[in-house]
1. Suppose we filter ALA58, ALA66 for residues that are surrounded by 14 or more Cβ atoms within 10 Å (Cβ to Cβ), in contact (Cβ under 8 Å) with a residue 24 or more places away in the chain and not in a helix (DSSP H, G or I); which single one remains?
2. Give the range 9-46 a look and list any residue that's touching a residue at least 24 places away in the same chain (Cβ under 8 Å), under 14 Å from PHE72 (Cα atoms) and within 10 Å of the chain's Cα centre (by Cα), or say none.
3. How many residues does the range 14-31 contain that are under 20 Å from VAL68 (Cβ atoms) and out of contact with any Phe, Trp or Tyr (no Cβ under 9 Å at 6 or more places or on another chain)?
4. On the given criteria, is ALA36 of a type in the set (Gly, Ala, Ser) and crowded, with 18+ Cβ neighbours inside 10 Å?
5. If I go through the range 39-54 residue by residue, how many of them are surrounded by 14 or more Cβ atoms within 10 Å (Cβ to Cβ), assigned to a helix (DSSP H, G or I) and out of contact with any Leu (no Cβ under 7 Å at 6 or more places or on another chain)?
Amino acid sequence: MGGLGKKRSKVGRFLDKHGYTQEDLCKAANIGRNTASRVCSDPEYMPSTPVMQRIMKALKKLDSSARVDDFFDM
């Protein structure tokens with residue numbers, strides 16, 4: 001599974017916990033692989049608002065209580 005000794009962001013750890021892959025996130029949020037990789041590995045990365053909204057919509061399908069400030073420092 002993911003996170004094999006690699007630095008993970010809050011989004012990356014959330015995906016790992018729920019058995020969701022970065023590729024699953026790409027499809028569910030309609031984002032590119034580079035964006036998914038960055039959002040899952042770089043805790044400092046702040047995606048644009050439209051991308052963040054798509055990511056959050058996908059994450060809420062896994063956990064309806066997920067909030068943007070659980071994953072990104074706003």
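1. ALA66
2. The answer is SER9, LYS10, VAL11, GLY12, PHE14, VAL39, CYS40, SER41.
3. Here the count works out to 11.
4. Here the answer is yes, as ALA36 does meet what is asked.
5. Residues meeting the conditions: 5.
Computed from the coordinates by the stated procedures, all read-outs in this text should not be read as laboratory data. No experiment lies behind these values; they were computed from the predicted model shown. All Cβ positions, even for glycine, are placed from backbone atoms using ideal geometry, and neighbour counts span all protein chains on display.
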